[in-house]
Amino acid sequence: MAFKLQDYRSEVNIDWCPGCGDFGILSALEMALNEMQIAPHNVVIFSGIGCSGKTPHFTSTYGIHTLHGRSLPYAIGAKLTNPNLEVIVVGGDGDGLGIGVGHMVNAGRRNLNITYIIYNNGVYGLTKGQASPTLKLGLKTKSLPQPNLNQSINPVVLAAVSGYTFIARSYAYDVKHLRDMIRRGVEHKGLAFIEVLQPCPTYNDINTKEWYEGHDRPVDKTGKPQQRLYKLDETGFDPVTHNEKELDQKLTQVVLKSSEWGDKIPIGIFYINENIPTYEERISQRIPNYKELPPAKQQIHLENGLPNIDLNKLLDELSTKLEK
Ligand code: SF4
Ligand code: MG
């Protein structure tokens, strides 16, 4: 059965503010899943708290709207239990890089085959626009009484040093580019991270759509605004780590390239490394039939509904091991 684009949309009324970049992200996500023809019932989208947290409500896939900053542990648990599921995690910059940053870093050590998308708008939109961990030092959005006192986190660099093996950045209003980045992330073997620059027209009046499109800059030779965003793949940038010897150089170029900000902001794939085993592969080395018989497929009860685990036998085994 072929799935149509509309098969990925739920009937829930979308209540993001008019013009919010989240609309572009939702569309790109649906387009990517549709292009790959992944059945909606085979996808689970996990979210935390924030405007982005509503995403699973608006799709027809399975979805879990979890706690603030805790979407990754839920997603990791689901993927380990049923590695055949397509697991996608979405969240805001406040959710993932503030309260949830410990989970973001530690997920990198495991390299599960899941995709994590951060909607980066520089503010906590759902709670009226406080400065988030990605707002640059000294910026004063209209929702702040005074300029931001904190340095900002670069999500791409954090993902790189944490061990994510696919790292990209895209832009919420460039839906085709974002669709391609999500597709590449989902198809990647290992943990994929995608930062999406997402204007929040309600609370961030600095990094707006017009700002990304360069309307405040002098026009170019053709009389058009000079876009701030440029595509890495059009500059000959090579994100692929072909072997272990290249690792230092590739990670260094991620730091340097992703730190460009201001008049020129790169989007595209910063880093790909498929030489590192996934967590599922590491588990399979210890439990050879893990992929064929993961926890989700194991029988846990008898026909009469009673548990099929004989606790006495288990306790006997344990006590024997202790005696040894
Ligand atoms: Fe979007 Fe900002 Fe409105 Fe939230 S507050 S829905 S991020 S525009
Ligand atoms: Mg935010």
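Taking Ser27, is it touching a residue at least 60 places away in the same chain (Cβ under 8 Å) and over 13 Å from the mean Cα position of the chain (by Cα)? Reasoning before the result, please.
Numbers: touching a residue at least 60 places away in the same chain (Cβ under 8 Å): yes; over 13 Å from the mean Cα position of the chain (by Cα): yes.
It is true that Ser27 is touching a residue at least 60 places away in the same chain (Cβ under 8 Å) and over 13 Å from the mean Cα position of the chain (by Cα).
Residue by residue, here is whether (1) modelled with pLDDT of 95 or more; (2) among the aliphatic types (A, V, I, L, M); (3) in a loop (DSSP other than H, G, I, E, B); (4) more than 30 Å from Leu135 (Cβ to Cβ) holds:
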position	(1), (2), (3), (4)
Asp233	yes, no, no, no
Phe237	yes, no, yes, no
Leu251	yes, yes, no, no
Val255	yes, yes, no, no
Glu303	no, no, yes, yes
Lys313	no, no, no, yes
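Say whether the condition of being more than 24 Å from Tyr119 (Cβ to Cβ) and small (Gly, Ala, Ser) is met by at least one residue in region 202-221. Looking through region 202-221, none of the residues is more than 24 Å from Tyr119 (Cβ to Cβ) and small (Gly, Ala, Ser).
In region 30-67, how many are in contact (Cβ under 8 Å) with a residue 24 or more places away in the chain, more than 20 Å from Val196 (Cα to Cα) and aliphatic (A, V, I, L, M)?
Of all residues in region 30-67, those in contact (Cβ under 8 Å) with a residue 24 or more places away in the chain come to 30-40, 42-61.
Among the residues that remain, those that are also more than 20 Å from Val196 (Cα to Cα) are: 36-40, 42-43, 60-61.
Then drop every residue that is not aliphatic (A, V, I, L, M), which leaves 36, 38-39, 43.
Of the residues in region 30-67, 4 are in contact (Cβ under 8 Å) with a residue 24 or more places away in the chain, more than 20 Å from Val196 (Cα to Cα) and aliphatic (A, V, I, L, M).
Looking only at region 41-87, count every residue that is among the basic types (Lys, Arg) and under 20 Å from Asn121 (Cβ atoms) and tell me the total.
Kept after step one, since they are among the basic types (Lys, Arg), are these residues of region 41-87: 54, 70, 79.
Within this subset, residues satisfying the condition of being under 20 Å from Asn121 (Cβ atoms) are 54.
Counting residues in region 41-87 that are among the basic types (Lys, Arg) and under 20 Å from Asn121 (Cβ atoms) gives 1.
Please verify whether region 165-185 includes one or more residues that are within 16 Å of ligand 2 (Cβ to nearest atom), not in a strand (DSSP E or B) and not aromatic (Phe, Trp, Tyr). Checked against the condition, which is being within 16 Å of ligand 2 (Cβ to nearest atom), not in a strand (DSSP E or B) and not aromatic (Phe, Trp, Tyr), region 165-185 yields at least one hit.
Of the numbered conditions (1) loosely packed, with under 14 Cβ neighbours inside 10 Å; (2) assigned to a helix (DSSP H, G or I), Leu26 satisfies every one except a single condition; which is it? Only one criterion in (1) loosely packed, with under 14 Cβ neighbours inside 10 Å; (2) assigned to a helix (DSSP H, G or I) is unmet by Leu26, namely (1). Of all residues in region 102-109, none are modelled with pLDDT of 95 or more, among the β-branched types (Val, Ile, Thr) and not in a helix (DSSP H, G or I). Scanning region 60-86 for residues that are in a loop (DSSP other than H, G, I, E, B), of a type in the set (S, T, N, Q) and surrounded by 17 or more Cβ atoms within 10 Å (Cβ to Cβ) turns up Ser60, Thr61, Thr66.
From Ile49, Ile45, grab the single residue that is within 16 Å of ligand 2 (Cβ to nearest atom), within 25 Å of Leu97 (Cβ to Cβ) and at pLDDT 95 or above. Lay out the reasoning, then the answer.
Working: Ile45 fails: within 16 Å of ligand 2 (Cβ to nearest atom).
Testing whether each residue is within 16 Å of ligand 2 (Cβ to nearest atom), within 25 Å of Leu97 (Cβ to Cβ) and at pLDDT 95 or above leaves just Ile49.
In region 124-143, the residues that are in contact (Cβ under 8 Å) with a residue 12 or more places away in the chain and assigned to a loop (DSSP other than H, G, I, E, B) never reach a residue that is among the acidic types (Asp, Glu) and within 9 Å of ligand 1 (Cβ to nearest atom) with C-beta atoms less than 9 angstrom apart, at least six apart or across chains. Restricting attention to region 7-17, the residues that are assigned to a loop (DSSP other than H, G, I, E, B), touching a residue at least 24 places away in the same chain (Cβ under 8 Å) and not β-branched (Val, Ile, Thr) add up to 4.
Restricting to region 210-230, what's the tally of residues that are among the charged types (D, E, K, R) and either within 16 Å of ligand 2 (Cβ to nearest atom) or buried (at least 16 other Cβ atoms within 10 Å of the Cβ) (or both)? Quick ask: steps written out before the conclusion?
Going through region 210-230, the residues among the charged types (D, E, K, R) turn out to be 210, 213, 216-217, 220-221, 224, 228.
Add one more test, that the residue is either within 16 Å of ligand 2 (Cβ to nearest atom) or buried (at least 16 other Cβ atoms within 10 Å of the Cβ) (or both), and what stays is 213, 228.
Residues meeting the conditions: 2.
Between Val89, Val161, which is β-branched (Val, Ile, Thr), surrounded by fewer than 17 Cβ atoms within 10 Å (Cβ to Cβ) and either closer than 25 Å to Val240 by Cα or touching an Asp or Glu at 6+ places or on another chain (Cβ under 9 Å) (or both)?
On the way: Val89 fails: surrounded by fewer than 17 Cβ atoms within 10 Å (Cβ to Cβ).
When all the criteria are applied, what remains is Val161.
The values are calculated or read from the model by the stated rules, or taken from the named source; none is laboratory data. Keep in mind that this is a model prediction, so the values were computed, not measured. Neighbour counts run over all protein chains shown; Cβ positions are idealised from the backbone, glycine included.
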